[in-house]
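The values are calculated or read from the model by the stated rules, or taken from the named source; none is laboratory data. It should be emphasised that the depicted structure is a prediction, and the values quoted were computed from it without experimental measurement. Ideal geometry is used to build each Cβ from the backbone, glycine not excepted, and the neighbour counts take in all protein chains shown. These accessible areas exclude ligands, DNA and RNA; they are computed on the full protein's heavy atoms, side chains included. Shrake-Rupley method; radii C 1.70, N 1.55, O 1.52, S 1.80 Å.
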Amino acid sequence: MKNALAFLRNTWRGLTAMRTALTLLFLLALGALPGALLPQRSLNSLKVDEFITDNGWWGRLLDKGGFYAVYGSFWFSAIYVLLFVSLVGCLLPRLWEYFSQMRAKPVLTPRNLARMPHHAEAHTDRAVDDVITAARARLKGWRTVEREEADGARTISAERGYLRETGNLVFHFALLGLLVAFALGKMFGYEGQVIVQATGKQFCNSGVFNFDSFRPGLRVDGTQLTPFCVRVNDFHATYLHNGQAESFLANIDYQSGEDLDTGTWKPYPLEVNHPLRTAGDRLYLLGHGYTPKFTVTFPNGATRSAEVQWRPVDPITLLSEGATKFDPPQITDSEERRKNQLAVTGLLAPSAVFDGTLMSSNFPEARKPAVAVDVFRGDLGTDSGRGQSIFSIDQSMVDKGRLAKVARQNLEVGQEIKLDDGTVIRFDGVTDWVSLQVSHDPAQVYVLVFSMLMVAGLGVSLAIRRRRVWVRAVPQQDGRTFIEVGGLARTDQAGYGGEFTGLSRDLLSAEQDKES
Amino acid sequence: MPVNATLATYSDWMYNSAVGVYLLATFLYVYEQAFGRAPVKAKERDLVVAGGTGDQWKPGLVVPTKPERSRAERFGRMAVALTLLGVLFHVAALVLRGVATGRAPWGNMYEYGALLTLAAVVTFVVLMRSFPIRRLGGFVLVPVVILMFLGGTALYAPAAPVQPALQSYWLVIHVSVISISTGMLLVPGVASLLYLVKAANDRKPEKFAKFAGRLPSADTLDRLAYRSTVLAFPLFTIGIMFGAIWAEAAWGRFWGWDPKETVAFVSWVVYAAYLHARATAGWRGANAAWINTVGFLLTVFNLFFINLVTTGLHSYAGVG
């Protein structure tokens, strides 16, 4: 029992020692670095998979060690939890000490002031009491204590700069608060992304199913999202002549709170750097792209149109890829239907240029949209029960021979492909889509408050020096007075010299000032 | 916003002149450092200053008339004058760039580097007033000239507007604060490196015997590093904070472990460790200096590697 207590005590002491805190700080820095150097799942999971494939066994080893999700890994958590404990262990005793310091009197004047890092002395004709009175006046703003010594000498002990420790404690406690707020945000926050057609289509933040991707906090189950709805009316982008984007603007209407009941829409110009803040959530404009519109006229005369977003593959020219899929109309037999599904897949160029039949895009704006597409017919596998990307066809269906390529052609707006069975596919043009992000973080305001407190505390604690000065006036036998001044900066000597020089000059030569 | 090509050209000339003038100043500083009299009495003088009263308060002290300045000393003084001239050109280059593009002149890596180096030089000039460090001018200006040369050649980007994500008043605030604080951190980085040399020489006089003898005392270098870190670190903190506020508006979250954010965090932790180490018995001196040096290396790493090699949200370099 005794041993166990001793062990606990020693562990606590070791953990709260400054050198341990320093070591943990280094470990934290070292541990955070792989997150910048290795691809991270949270930022780009495709890149992680690629990296693992490229690097074989040690790629997989790093995966086991959590190096692709550094900030959620057990070892990173261990470091910051230990640091957190160490910080608390350092701070609590300092807090008690701080409160007792606040009431404490400046310490006794040392016997030998000449030993202090800062020291000055002089003889004067003034009486001891005059010297002390003048010194008291000069040391206004300092916390002072006057004492008398056995040989008739009088001293003043003065100290100032108590705010340094105040700032120090504010900084560290704010740091603790920031970490707690950060953690709360990770628990109760969520982020969801969704692509919405910028042709008056709507999106409602009513459930997880409405999102294309959703990243919940640990305590979020997706059932209690803040309700609000958004309607994207249009999207405008402007570009410099070299294709660099100059501005993005999506005109949206939104309703939240009471507006949901009354059906009132409020307009908002959604731009990069200007998220919509409503009902405690934020809505961001993240990206944009093009949606090609295809109209299929089937042999029996029925027509179907489809507008499905294609995704940019080249961020500069917005050359995009995708797959628009059609079910044949008026076929009730599912077997038969699955033999005649159509997919138009390939590339879309907003400003097409052709090198022979090879199409590419030379500008991100939809100046001369065109597509270079393959048409597949057969079983798309959409009824197979397996999920598939909306941007591509299921290649395994092609490999199995159940989906066959029936045409390949470049199409400009209004041009058509005629298939062997008489089906006609027309490219009608492109519209815009925008990708939106909904973010919810109930604690981020507290993160901001704590970080401002941190900066304030840091500034105060680094700018202010805790320093002491002692004055001793000793009566001499010849009736004169010997004045001695000593100074000590408690935390950092740098920069105290200048202040002390001025101070000691005033303290030693007050008499001359008075006379002149 | 159209770009004023004439002003942009003037800005480039000013930039090149600044590099040229700094280079010249570097030679003069190095001359003084190499051929000037070694500051043998540095220690004694430091002690007197630390003693508090200063020479002029000692009664009966005869202030000697100033001796004829040696050539090295005259070169040193010329170097300071040239540095100030270079700062003028440097400021002019940035101002003209800003006027030419109609935005804050720190929207790509070239401009960022220009502001960073300006902050480094100005910090040094300011600290020169309270520390006897004129001879160190060369050590500060060499990295400055290298950075400016790289900026003016490999990283150069013609004056142009910036992309939508950067069109925010936070560009003015966040980038300037980060860039200035990073530039200021160059000074303690150099001071700490020199401290390590000097401290090694103090322990074993045969180490760096010729070089270290002409450096200021280890104590001066340590105080220089600390003072400049103490100035720059809160600013760096504020810069990261402003970045988080901007990221909340631009990218949808205030902190997302983007590579640049991560390395900024890491260097922040390292500088925090430096401040703690300097206040911890057994870690003062060489250990603290090593930490500060690591912090400086991380800052440089963050500037080049993260911007040019990795891809992240901060890939605005405007190169390649």
Degrees, to the nearest 10: A:163-188 long Cα axis against longest axis of chain A: 20 degrees
Quarter of Cα convex hull surface for region A:301-446, i.e. mean projection, nm²: 12.4 nm²
Relative contact order (%) - criterion: Cα under 8 Å, at least six apart; region: chain A: 19 percent
Evaluated at q = 0.09, 0.17, 0.18, 0.21 Å⁻¹: base-10 log I(q)/I(0), Debye formula over Cα of region A:109-262: -0.62, -1.10, -1.12, -1.30
Chain lengthening between residue A:162 and residue A:476 when straightened (0.36 nm per residue, less Cα-Cα): 109.5 nm
Listed residue (A:366, A:388, B:243) projecting farthest to the positive dipole end of the protein assembly as shown, Cβ model: B:243
Separation of alpha-carbon centers, region A:280-306 and region A:89-114, rounded to whole Å: 72 Å
Per-pair calculated FRET efficiency, R0 = 60 Å: residue A:94 and residue A:241 via Cβ, rounded to 0.05: 0.50
Region A:190-440 - convex hull of alpha carbons, volume per residue in Å³: 159 Å³
Inverse of mean 1/r across different Cα pairs in region B:196-298, Kirkwood, Å: 15.4 Å
Whole-percent carbon and sulfur share, accessible surface of the protein assembly as shown, 1.4 Å: 60 percent
Cα-centred dipole magnitude for chain A, charges only on beta-carbon of K, R (+1) and D, E (-1), debye, nearest 20: 2080 debye
Entries in A:293/A:418; A:47/A:201; A:201/A:339; A:339/A:368; B:198/B:260 that, when Cα-Cα distance is taken, lie over 23 Å: A:47/A:201; A:201/A:339; A:339/A:368; B:198/B:260
Accessible area that becomes buried as A packs against B, both chains, 1.4 Å probe, Å², nearest 100: 4500 Å²
On Cα atoms only, tilt of B:137-152 relative to the major axis of chain B in degrees: 20 degrees
Between region A:1-75 and region A:202-259, the Cα center-to-center distance that results, in Å: 35 Å
Whole-number accessible area per residue in Å² for the protein assembly as shown, which is evaluated in the context of all protein chains at 1.4 Å: 48 Å²
Range in chain B, longest, excluding exposed GluC sites (Glu not before Pro) [loop by DSSP; at most 15 other beta-carbon atoms within 10 Å]: B:69-205
All-pairs alpha carbon distance profile, region A:2-101, 5 Å steps from 0, percent: 3, 12, 16, 16, 13, 11, 9, 8, 6, 4, 2, 1, 0
Listing of region A:452-485 residues, each with accessible area lower by at least 50 Å² in the full protein assembly than in the chain alone (probe 1.4 Å): A:455, A:458, A:462
Student exercise, chain B dipole from Lys, Arg, Asp, Glu Cβ charges, in Debye to nearest 20: 1120 debye
Contact order relative to length of region A:279-397, as percent, for alpha carbon pairs under 8 angstrom and 6 or more apart: 21 percent
Over 30 Å [Cα-Cα, chain A], rounded percent: 69 percent
Long-range tail of P(r) for chain B (Cα pairs > 37 Å, %): 22 percent
Gyration tensor verdict on region A:256-296 (Cα atoms; rounded if a/c is under 1.5, prolate if a/b is larger than b/c, oblate otherwise): oblate
Options A:169, A:479, A:238, ranked by Cα towards positive dipole end of chain A, top entry (Cβ charges): A:479
Quarter of Cα convex hull surface for region A:368-516, i.e. mean projection, nm²: 23.9 nm²
Between 0 and 90°, nearest 10: helix B:5-35 axis offset from chain B longest Cα axis: 20 degrees
Globularity ratio of region A:207-306, using Cα Rg and 2.2 N^0.38 Å: 1.44
Check: region A:369-512 dipole with +1 on Lys, Arg Cβ and -1 on Asp, Glu Cβ, in debye: 840 debye
FRET E, pair residue A:395, residue A:60, Förster distance 25 Å, beta-carbon r, rounded to 0.05: 0.45
Exposure rule at most 10 other beta-carbon atoms within 10 Å, DSSP loop trypsin sites (Lys or Arg not before Pro): chain A longest free segment: A:141-385
FRET E, pair residue A:416, residue A:368, Förster distance 22 Å, beta-carbon r, rounded to 0.05: 0.80
